[in-house]
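Every number here is computed from the coordinates shown, using simple stated rules; none is lab data. All of these numbers come straight from a predicted model, not from anything done at the bench. Cβ coordinates were reconstructed from backbone atoms using ideal geometry, including for glycine residues, and neighbour counts include every protein chain displayed.
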Amino acid sequence: MSSCAVIIVAAGTGQRFGDKLPKQYHLLNDKMILQYSLAAFAAHPLVSSVTCVINPDYRDLYDECAKDLNLREPVCGGKSRQESVLAGLTSIEDLNPDIVLIHDGARPFVSYELIERIITSLDDNKAVIPALPVSETLKRSHYGFISETVSRENLYSAQTPQGFDFKAIFHAHQQTNDQEFTDDAVIAEKAGIKVAIIEGDYKNIKITSKDDLLKANNFFAKTPEIKTGFGFDVHSFGTGKNLYLCGVEIPHSKGLLGHSDADVALHAITDALLGAIGAGDIGLHFPPSDNRWRGASSDIFLKKAIALINGLGGKINNIDVTIICERPKITPYRHLMTVRLSELTNVPQKNINIKGTTTEKLGFTGREEGIAAQAVATISII
Ligand code: MG
């Protein structure tokens, strides 16, 4: 296997970023931008050594970026990117690697796979760069007006890491005669080395402005964790009680018996919500032995479950409930129940579904001895 050295160029002062701190030391998510590429190369099994070229004024920040990573002693950069790369190449001359990858420290999203593809392509080429086809129409301007539309056919934008035969690129860099170039591939081209292009990576962006940093931070936007909970409850009918379902009083000859107002639907929904967040059930939070809850309105239970969800940064996506009884008929009250449940939970009405069903006169609900309710709820936790 050939030995592969990596030079990461991070000596720039990042003037375009608009403040004193060089861009590579700005925070991206919760780490400095430079840390990402240092870590990616240091951990790659095909990489033999990693050397970063830095501005010594920021040595402390570099040391923080390099903490716990297996890297060579950093090298001081020069006045230009090109001088910095040459300083890096000179510093690894004694290692005499077969190949070298040169990478911009401001490209934090270099992937394991891209590093591997560049290294593999160097088996057949003396120089390889990742690049993406230009997708936008290109205009040349002259004093603010278009002077020419440039065909984008065969046009690519170059990325890093750019990979080279070490001796070839080191020699080419030494022969530039103080001419300034913007990447290393052009130095190889000028030296007559054929540079192959392989497909770049759209995520491998270079962070040069605050807008880029904003875009890069969005890559870390978390996908919510979706949780589902199920609830089931039964209450038996008794006389002399009012019937409540989903927080709505329903005219009926019988009410439901229970410690609280016996709103069987709200109990099933509350248990579904508690279940989704792994918080037990109503009985755990409101023990029937506690007289405080005697005759209590069941929205207290629901509000407790919602408070627990909010505490976790969660949001209720939807609630689906089935009320099982012969009578009363649920359909005439569906809208009222949906409105009430939406008020109680802050879940939009379109995300609340209430259904009524019978058990075809079978069992305790069929004999109208009581009402059962089932509920499913999903919750997103960011
Ligand atoms: Mg109950």
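Worth pointing out:
- FRET efficiency for the pair T357 and Y202, taken as 1/(1 + (r/R0)^6) with r the Cβ-Cβ distance and R0 = 35 Å, rounds to 0.10.
- The chain: angle of helix 264-276 to the longest principal axis, Cα-based, in degrees nearest 10: 20 degrees
- Cα-based shape type of the stretch 1-147, given that a ≥ b ≥ c are square roots of the gyration tensor eigenvalues and the cut on a/c is 1.5: oblate
- Positive dipole terminus of the chain, leading residue within G231, A10, I92 (C-beta point charges): G231
- Extension gain for S147 to H335 (0.36 nm times residue separation, less C-alpha to C-alpha distance): 61.3 nm.
- Rounded, prolate or oblate (a/c below 1.5 giving rounded, otherwise prolate when a/b exceeds b/c) for the chain by Cα gyration tensor: prolate
- Counting only alpha carbon atoms, the long axis of helix 334-345 and the longest principal axis of the chain meet at about 50°.
- Highest-MSF residue in the chain out of I282, I118, I102 [GNM, Cα springs under 10 Å]: I282
- With a Förster radius of 56 Å applied to the C-beta separation of S253 and N218, the computed FRET efficiency comes to 0.45.
- Number of Lys pairs (Cα under 25 Å; 8 or more positions apart or on different chains) in the stretch 152-285: 10
- Extension reserve of the D123-R140 stretch, reckoned as 0.36 nm per residue once the Cα distance is removed: 2.3 nm
- DSSP-defined antiparallel bridges as percent of all bridges, the stretch 280-382, nearest 5: 60 percent
- For the pair A296 and T228, the difference between a 0.36 nm per residue extended length and the Cα-Cα distance amounts to 21.8 nm.
- Amide hydrogen neighbours beyond the local backbone of V75, cut-off 5 Å, H modeled: C52, V53, I54
- HN-Hα J in Hz across the stretch 154-163 - Karplus 6.51, -1.76, 1.60, θ = phi - 60°, x for Gly and Pro: 6, 9, 10, 9, 7, 10, 10, x, 9, x
- Likely footprinting exposure, I198, I207, fewest C-beta neighbours within 10 Å first: I198, I207
- The amide H of G238, built 1.01 Å from its N in the peptide plane, has G255, L256, L257 as neighbours under 5 Å, considering only residues 5 or more places off or on other chains.
- Derived scalar couplings between HN and Hα for the stretch 354-370 equal 10, 10, x, 8, 10, 10, 6, 6, 8, x, 5, 6, x, 7, 6, 8, x Hz in order, rounded to whole Hz, by the Karplus curve 6.51 cos²θ - 1.76 cosθ + 1.60 (θ = phi - 60°), x for Gly and Pro.
- Centroid-to-centroid, using Cα positions, the stretch 123-143 and the stretch 30-51 are 25 Å apart.
- Computed from the C-beta positions of K31 and Y112 and an R0 of 25 Å, the FRET efficiency is 0.90 to the nearest 0.05.
- Lys, Arg +1 and Asp, Glu -1 on Cβ, resulting dipole of the chain about Cα centre, debye, nearest 20: 1500 debye
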